[in-house]
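Enquirer: Below: one structure in C-alpha cells.
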Amino acid sequence: METGELILNIVASTLRLSTPLLLAAMAGLLSLQVGQVNIGLEGLMLAGAFTTVVVGFWLGSTWLGVLAAIIVGMLLAALFTLVVTRFKANLIVSGLAINLLASGSTAYLLKVLFDTSGTLSPASLESLPTVNIPVLSDIPVIGSLVFSQSPLVYVSWLMVPLTALFLYRSIPGTHIRAIGQNEEAARSVGIPVRRRQYLALMLGGGLCGLAGAHLAVGDLALFREDMTAGRGFIALAAVYFAAGRPRWAALACLLFGMFEALQFRLQLISSTPPQFFQMLPYVMVVVVLAIISARKEWRKGW
Amino acid sequence: MPYLEVRAIRKTYPGGVLANDDIHFNVEAGEIHGLVGENGAGKSTLMKILYGMEQPDSGEIWLGGQRAHIAHPQAAIQLGIGMVHQHFQLVPTLTVAENIALGRETRRGLFADRGVMRERVRALSDQFGLHVNPDALVSDLSVGLQQRVEILKMLYRNARLLILDEPSAVLTPQEVVSLFEVLRRLVAEGCTAIFITHKLDEIMTLCDRATVLRRGQVVGTVETARVTPAEIARLMVGHELEPPLARKASAAESRDRLIVRDLQTGDARLQNTTVNFSVKSGEILGIAGMEGNGQTGLVEALIGLRPDAKGDILLDGTNLHGLSTRDRRKRGLALIPEDRNREGLSRPMRIWENLASGEYDRSPLNTGGVLRLERMRTAARALMERFDIRAPNEGVAVSTLSGGNAQKVVIARELATPPAVLIASQPTRGLDIGATGFVHEQLLNLREQGCGVLLISADLDELLALSDRIAVLFEGRILRIFPREEATREQIGLAMAGKVESEQAR
Ligand SMILES: Nc1ncnc2c1ncn2[C@@H]1O[C@H](COP(=O)(O)OP(=O)(O)O)[C@@H](O)[C@H]1O
Ligand SMILES: [Mg+2]
C-alpha cells in the first residue's frame, strides 16, 4: 500500500472512530458546564446502542431505532438529573449507577428478549446508509474518504459548533454556565435553576443516545455487550482536558480517534499481542492531555 | 411616613440561632441609612429577609406605605429592591454585560442580543459614573470593579432601594472613596440606600442616620450629625450590666509567659504596622477593637497560620517563629478560635473524635502509630464530665450540639492539658448567658493557675469584667494598653474609634 493512501485511510477511520467520542464529549461538556458532571456517559451510550438495534429490528427501521436511542438517552439523563438535584445524590455514585444499570440491563435484556449473550446482529437490520455530500464528495481522493460517511458522522461535526453556540450565545446556555459557576448567583437573579439543569443534562443524554446509535448502526448493524469500551470516559477526559471548551474537547476526541486508527494499522503489521496496541490510544491520550493541560493559562475563553 | 418600615421581624435559623429578635427599623426616602453591629449581630440576616432570600418567622415589611410580601428575590426585584451581597454573586467566566443582564437578557430570536445589552450597560455606566468595560470577563476585574458590576446589576433591574452588605470590607481606601461618591450620586438621582459596615468613620462620613444592632436586637437609631463615634461604639458593644464576676485580685507574677515583639501579620491592608505586647503568668490581657482592625491576623500569626508573618513570638522564652502550628501547640499554646464551626470543630465528626484531635498523635491516645479508639472514648467521657458537655453520649456528631455545648467541646480539647498560654478569640460569641458564664469561669481558672490568657473580644463588658489589662487594637497596631484600674468605657470607646494619641505600648 502506498504511503499516501495509507495516510488517507487513517484519516478516514479517524473521522469514523471519533464520532461517538465527539457526541459524548459534547454531552459531558454540557454536564460539566451546568456543574453536575455526568460520569454515566458510558452507560447512556451503551443504552443508546442497545435501543437502536432492538427498536430498529422490531420496527424494521434503523432510523426509528436511532430516534428511540435519543429518547432513551434523554430519559435516563432525566433520571440522573432527578437524583442528583432533587435528592442531592452523590454525582460519582449516580453516574456509576447509570453505567452499571446500562451494562447489566442490556446484558440481561439480551438474554430474556433474544436468548443470546455477547452479540446481537439481526440479519434484517441495516446499518445507516452512507451519505455523499454533493459536490464535496466529488473532490478527487479526499472527497470519497471525508465526505462519504455514515450520516451520524456529519451530525457529530455539526454538534460541536452547535453546542458552542448554544452554551456561549443562547440565553439558556448562558444560564447553564452561570449555574455551573455560581448557583446561588443564578438563583438570586431568578434563573429557573432546576429547569436548566434538566435541559443541559437531557440534551447530553440525547447526544449520548446518538453516540451509541453510531456505534451500533454507523458501520455494521450490531450490538455487543459493553461495546462502548470506555469511550464515555475518554470523552470525559477530553472534556476535562479542554476545561469545558467545545473546540478543544473536539480536538482531543479527534486525537484519540487518530490513535485508535493507528493502533488498528499497527495490529495488522506487527506480531506483538494486539492487546498491547489496543492499550496504546488510552495511554497516549492520558499522556498528551496531561502534558498540555498541566500548563497554566490553559483555561480561558471558549 | 417612612419609605421602608420593618416591624417586629423575628428570625430563628434551623440550628436554633435567634438571628433577629423583634427588629423595628425604618428608612426615609432618599437617605443613606447605616446599619452597624459586630459580626453575628444579625445584619445580613435582616437584609436577606428584605431581599427575599430568607423568610422571617414573624413580622412585617412595609414599603412605600404598603405591606410587602417578599417570598423570593424575584419579588424583591419587582418591588425595586436591589442588594449587593457581602459575598459577590457574580459568575466569573461571564462578561460584565452578561453578568449584569443575567436572568433579564434581551432576546433576539433564539439568542441573547449582546449588542443591546452592552449598550444598556454602557448607558447606565455613563449615567452614574460607574465605568467598567462591558466586554471584560468578571474574573479579570479587581474587587472594586466587581463591586461596580454588582451595583450596575441592581440598577439594570431598576432598583430604587439599594442594600449594600459590608461593601467597604474588601476595598482599598481609594476604592472606598469612589464607592462613596457613587452612592451619593445614586441618592441624588432618587435612590435610597442601606449601607452596612462596622467601621464608624464610614457611618459618620456617609450616612444620615444609623441603626445599631447587637445580638439580634436594635439597640438604637442615631442621627450621625448628633452623636460622636464613641457613642456609637458604645451602643455596638453594649452597656447592660451583668452581675460582677467573682474575680480574685490579680494573680499576675512578674514572669512573662508570652512576649510578642515587632510582629507583622502579613496583612496586605495593614502593612507597616507591628504589634508589641506581653502576657504575664496569671494574667488576662484583653484585646479590644472594632472588628477588622487586625484581630484575625494577630491570632493567625500567633498560632502559626500566617507563613508571611515576621517578628518574634516568645512562649516561656522559646521563640516560636517559623514553627508549625502543631509544634506551637505542643509547646503549650492553645486556641479557642473565633469561628468554632469552621475553625474549631469538625461538625460531622463525633464528640470523642473532636476531643481526641488535639492529642491523637501522642501517647496515650496513640501507641506506635496505632490510634487507641477505646482510650479516646474513655478520655472523652471524662472530659465531658469535667467540662459539663451536655450530650446523649460521646458518640454523637458535634453538629447536633447547641452552640454552648459545641464551644465546650472546643474548650475541653484546648484545656485538657493546661496550656502555657491560651488565645481566646470571641469565646462567647453567640452563646447564651449560662454558657457565657461557664466560659468566663474557665478563663478565670486558668488565670489562677498561672497561665497567660489573651482574650480577644468584641464585647466590652466581657473585657472589663475579665481582663487585668486591656489593649486597644486599631488599624493593625496596639494604640494603647490600659491597666484595669484606668480602663473606663469612655476611654476605651474613644481609643477603639482611633481617637487617642498613640502611646508606647507598655
Ligand atoms: N444560614 C444560617 N444558618 C444558621 N445560622 C446562621 C445562618 N446565617 C447566619 N447565621 C447565624 O445568625 C447570626 C447572625 O448572622 P448574620 O446575620 O450573618 O450577622 P452579621 O451580618 O451581622 O454579621 C449569627 O450567629 C450567625 O452565625
Ligand atoms: Mg454579615
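The values are calculated or read from the model by the stated rules, or taken from the named source; none is laboratory data. Since the structure is predicted, the reported quantities are computational estimates derived from the model, not experimental observations. Cβ atoms come from the backbone with ideal geometry, glycine included; neighbour counts cover every protein chain shown.
Enquirer: Determine which single condition B:Gly65 fails, assuming it passes every other condition in (1) more than 10 Å from ligand 1 (Cβ to nearest atom); (2) at negative phi.
Expert: (2)
Enquirer: If I filter segment A:5-60 down to residues being hydroxyl-bearing (Ser, Thr, Tyr) and farther than 29 Å from A:Gln197 by Cα, which single residue comes out as nearest to the chain's Cα centre (by Cα)?
Expert: Looking at residues that are hydroxyl-bearing (Ser, Thr, Tyr) and farther than 29 Å from A:Gln197 by Cα, I get A:Thr14.
Enquirer: Now a separate question. Residue check, B:Ala380 against (1) of a type in the set (A, V, I, L, M); (2) out of contact with any Asp or Glu (no Cβ under 7 Å at 6 or more places or on another chain); (3) touching a residue at least 24 places away in the same chain (Cβ under 8 Å), all met but one. Which one?
Expert: (2)
Enquirer: Another question about this same structure. From (1) over 27 Å from the mean Cα position of the chain (by Cα); (2) more than 22 Å from B:Ile411 (Cα to Cα); (3) not hydrophobic (A, V, I, L, M, F, W, C), pick out the condition that doesn't hold for B:Asp308.
Expert: Condition (1) is where B:Asp308 drops out.
Enquirer: Determine which single condition A:Leu215 fails, assuming it passes every other condition in (1) more than 19 Å from A:Val160 (Cα to Cα); (2) of a type outside the set (Val, Ile, Thr); (3) in contact with a strand residue (DSSP E or B) (Cβ under 9 Å, 6 or more places away or on another chain).
Expert: Unmet condition: (1).
Enquirer: From the list B:Arg104, B:Arg185, which residue is surrounded by fewer than 21 Cβ atoms within 10 Å (Cβ to Cβ), without any contact (Cβ under 8 Å) to a residue 60 or more places away in the chain and either under 23 Å from B:Asn26 (Cα atoms) or touching a strand residue (DSSP E or B) at 6+ places or on another chain (Cβ under 9 Å) (or both)?
Expert: None of the others qualify; the one that does is B:Arg185.
Enquirer: Across segment B:63-97, what is the total count of residues that are within 24 Å of B:Pro134 (Cα to Cα), part of a loop (DSSP other than H, G, I, E, B) and either away from chain A (no Cβ under 13 Å) or within 16 Å of ligand 2 (Cβ to nearest atom) (or both)?
Expert: Here the count works out to 6.
Enquirer: Further question on the same structure: Would you point out the residue of segment B:316-360, among those that are part of a loop (DSSP other than H, G, I, E, B) and hydrophobic (A, V, I, L, M, F, W, C), that is nearest to ligand 1 (Cβ to nearest atom)?
Expert: B:Leu345
Enquirer: Restricting to segment B:98-129, name every residue that is more than 9 Å from chain A (Cβ to nearest Cβ) and touching a Leu at 6+ places or on another chain (Cβ under 6 Å).
Expert: B:Ile100, B:Leu124
Enquirer: I'd like the full set of residues that are surrounded by 15 or more Cβ atoms within 10 Å (Cβ to Cβ) and within 16 Å of ligand 2 (Cβ to nearest atom), limited to segment B:321-350.
Expert: B:Glu338, B:Asp339, B:Asn341
Enquirer: Return yes or no: is B:Val182 modelled with pLDDT of 90 or more, within 12 Å of another protein chain (Cβ to nearest Cβ), closer than 30 Å to B:Gly37 by Cβ and not in a loop (DSSP other than H, G, I, E, B)?
Expert: No: the conditions fail for B:Val182.
Enquirer: While we're looking at this one, here's another question. State the number of residues belonging to segment B:188-207 that are away from ligand 2 (no atom under 16 Å from the Cβ) and surrounded by 17 or more Cβ atoms within 10 Å (Cβ to Cβ).
Expert: 7
Enquirer: Also, I was wondering about something else. Where in segment A:140-217 are there helices (runs of 4 or more DSSP H), lying fully within it, with 3 or more residues that are within 14 Å of chain B (Cβ to nearest Cβ)?
Expert: It comes to A:151-169, A:171-181, A:183-188, A:193-217.
Enquirer: Give the number of residues within segment A:91-132 that are part of a helix (DSSP H, G or I) and not small (Gly, Ala, Ser).
Expert: 16
Enquirer: Then there's this: Given the options B:Arg269, B:Arg215, B:Arg255, B:Arg234, name the one that is within 16 Å of ligand 1 (Cβ to nearest atom), more than 14 Å from every other protein chain (Cβ to nearest Cβ) and at pLDDT below 90.
Expert: Residue meeting the stated conditions: B:Arg215.
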